[in-house]
């Protein structure tokens, strides 16, 4: 196996063997990957060119504010969406573009898993994914929604830049 490039990043993951509850996991994966109403509206508006004169940063912030209000409403009305129960909850210590490493040796090499990772970006994004165990601690992401993959890659690059700045400051 080629050397896998990983950087330190402390994240929490919940996971279970993919075949443990395949139908439920696939439904949750699809639901968590769907755009909410404001996301669908924004994508349609961009496609029609209606956002061409808008400041993209302000537009993004307004959309995130709407999503936050929506989540607050869900909490207040006690209608927050529930997630599938997953067997394991563990810490991730290092991540790469397609890989991550968990703290404890809980994985069975070659087995496929379904999991959820909460990325600490703007509003703590829940990222559903499927991965395969390459060792008892190392996993390769095999399926992730494209929007989530961009968030994951961006988060990983941010950690990489932080590491480089730290090395430059100490070197």
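Inspect segment 87-103 for any residue being without any contact (Cβ under 8 Å) to a residue 40 or more places away in the chain and either within 19 Å of residue 30 (Cβ to Cβ) or outside any strand (DSSP E or B) (or both) and give the result as yes or no.
yes
What do you reckon, is residue 75 more than 20 Å from the chain's Cα centre (by Cα) and either closer than 30 Å to residue 106 by Cβ or modelled with pLDDT under 85 (or both)? Show your work before the answer.
Numbers: more than 20 Å from the chain's Cα centre (by Cα): yes; either closer than 30 Å to residue 106 by Cβ or modelled with pLDDT under 85 (or both): yes.
Answer is yes for this residue.
Of the conditions (1) in a helix (DSSP H, G or I); (2) over 17 Å from the mean Cα position of the chain (by Cα); (3) within 20 Å of residue 153 (Cα to Cα), residue 5 satisfies every one except a single condition; which number is it?
(1)
Out of all the residues in segment 107-125, which are surrounded by 15 or more Cβ atoms within 10 Å (Cβ to Cβ) and either closer than 28 Å to residue 64 by Cα or at pLDDT below 95 (or both)?
114, 115, 116, 117, 119, 125
Scan segment 140-149 and tell me whether some residue there is over 12 Å from the mean Cα position of the chain (by Cα) and loosely packed, with under 13 Cβ neighbours inside 10 Å.
Looking through segment 140-149, none of the residues is over 12 Å from the mean Cα position of the chain (by Cα) and loosely packed, with under 13 Cβ neighbours inside 10 Å.
Could you check how many residues of segment 45-62 are over 26 Å from residue 116 (Cβ atoms), without any contact (Cβ under 8 Å) to a residue 12 or more places away in the chain and surrounded by 11 or more Cβ atoms within 10 Å (Cβ to Cβ)?
6
Looking only at segment 74-84, how many residues end up being part of a helix (DSSP H, G or I) and either closer than 25 Å to residue 14 by Cβ or touching a residue at least 40 places away in the same chain (Cβ under 8 Å) (or both)?
Number satisfying all stated conditions: 2.
Can you tell me which residues in segment 27-44 are free of Cβ contacts under 8 Å to residues at least 40 places away in the same chain and either part of a helix (DSSP H, G or I) or in contact with a strand residue (DSSP E or B) (Cβ under 6 Å, 6 or more places away or on another chain) (or both)?
Of everything in segment 27-44, those that are free of Cβ contacts under 8 Å to residues at least 40 places away in the same chain and either part of a helix (DSSP H, G or I) or in contact with a strand residue (DSSP E or B) (Cβ under 6 Å, 6 or more places away or on another chain) (or both) turn out to be 27, 30, 37, 38, 39, 40, 41, 42, 43, 44.
The values are calculated or read from the model by the stated rules, or taken from the named source; none is laboratory data. All values reported here derive from a predicted model rather than from experimental measurement. Please note: Cβ atoms are built from the backbone with ideal geometry, for glycine as well, and neighbour counts cover all protein chains shown.
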